[in-house]
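Below is one structure, written out as structure tokens; the observations come after it.
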Amino acid sequence: MARGEVDVLTIGNAIVDVIAKVDDAFVERNGLVKGSMNLIDEARAEELYNSMGPAIEISGGSAGNTAAGVASFGGKAAYFGKIKADQLGGIFRHDMRAQGVQFDSVAATSGPATARSFILVTPEGERTMNTYLGACVHLSENDVDEKIVAAAKVTYMEGYLWDRQEAKEAFKLAAKIARKAGKLTSITLSDSFCVERHRESFLDLIKNDIDIVFANETEIKSLYLTQSFDGALQALRKDCETAVVTRSAAGSVVAHGEAVLVIPAIAIPCVVDVTGAGDLYAAGFLFGLTQGIGHARSAQLGSLAAAEVISHVGARPEVNLRQHAKEAGLL
């Protein structure tokens, strides 16, 4: 991909996903809480890997999933994330590029290994995640390529990366570059625990540096310390230009200016694995927005992508999303 030709730049945790189907007995035997997300060290990562059966190994991470989704729609996507110059780092880079995503971040030659996340999927589709963060959390201002940020129509940042000060500075630098270039900025709040840890700094970032906020219902309630969805939505509308809130089977809500759009979810016969649903929704929405097709149809593309990804194991689409959208009459 030639530099300067970017619809969506995403910034996030560069993690290799190791996805395996397991039964409840495996979860219990390994002392895990089904449906939880746990941070583990490298030794625990090796222990789990050696005890699981066959697995799929692909580039992952929330923002990486979104970039891959944009590329599947036919958009020009780029990605910033920190990997190490090791075997898994090579897998991550190759896999991202193979999916059509520009990924030129320089790999670390020392320090922690490339991150990996074990995603254990039980028969009903629930996921239990065990993540070794390794190199990915060490993203810094040095990893922000000013030319790519300035060329991207939208820069989308992953809330999971907000724990370290170096990453915060990288986000702020990217937002500054994007806004100076007259481009849009966006963030996903990632999960409610992330919001609880960073509520005040998230609010400050949203009010001052972010144009588009992606969140689910639980996350915005946590952000504004309320049990009222409508109250949280109204508060978010005041703090950013565009609020995009997903509500699982109830669909999504997009608030922009005076308009509040309610977009229904797309029904599927069976939910297999909810991994990546929000990431792919963001991909569809951002692709549509950068193509100038409006908020309503962009949200419909988001719903389409989310429905596709939860119909199978894994957080990446198994069909060409552009063709899928054309068949649905959305492109």
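The values are calculated or read from the model by the stated rules, or taken from the named source; none is laboratory data. For clarity, every value in this text was computed on a predicted model and none was experimentally measured. With ideal geometry, Cβ positions are generated from the backbone for all residues, glycine too; neighbour counts draw on all protein chains shown.
For beta carbons closer than 7 Å, sequence separation of 6+ or different chains, a first residue in segment 190-211 that is among the aromatic types (F, W, Y) and a second that is part of a helix (DSSP H, G or I), the qualifying pairs are F202/V195; F202/L223. Among the numbered conditions (1) buried (at least 17 other Cβ atoms within 10 Å of the Cβ); (2) under 24 Å from S62 (Cβ atoms), the only one that E241 does not meet is (1). Out of the residues in segment 73-88 meeting the condition of being over 25 Å from A150 (Cβ atoms) and either surrounded by fewer than 22 Cβ atoms within 10 Å (Cβ to Cβ) or touching a Leu at 6+ places or on another chain (Cβ under 8 Å) (or both), tell me which one is modelled with the highest pLDDT. Among those that are over 25 Å from A150 (Cβ atoms) and either surrounded by fewer than 22 Cβ atoms within 10 Å (Cβ to Cβ) or touching a Leu at 6+ places or on another chain (Cβ under 8 Å) (or both), it is A85. For segment 114-130, which positions are assigned to a strand (DSSP E or B) and modelled with pLDDT of 85 or more? A115, R116, S117, F118, I119, L120, V121, T128, M129, N130, listed by residue number.
Considered as a group, the residues in segment 142-168 that are assigned to a helix (DSSP H, G or I) and within 14 Å of the chain's Cα centre (by Cα) include one that is farthest from G60 (Cα to Cα), and that residue is W162.
Among the residues making up segment 170-204, those that are crowded, with 18+ Cβ neighbours inside 10 Å and farther than 17 Å from L9 by Cβ are L189, S190, D191, C194, V195, H198, F202. When we screen L225, L236, L203, L261 for residues that are within 20 Å of the chain's Cα centre (by Cα), over 27 Å from C136 (Cβ atoms) and either among the hydrophobic types (A, V, I, L, M, F, W, C) or not in a helix (DSSP H, G or I) (or both), the only hit is L236. Among the numbered conditions (1) more than 23 Å from T128 (Cα to Cα); (2) surrounded by fewer than 22 Cβ atoms within 10 Å (Cβ to Cβ), the only one that C270 does not meet is (1). Restricting attention to segment 305-323, the residues being under 14 Å from G75 (Cβ atoms), surrounded by 19 or more Cβ atoms within 10 Å (Cβ to Cβ) and modelled with pLDDT of 95 or more number 2. If you check A25, A43 for being among the small types (G, A, S), out of contact with any Pro (no Cβ under 9 Å at 6 or more places or on another chain) and closer than 28 Å to C194 by Cα, only one passes: A43.
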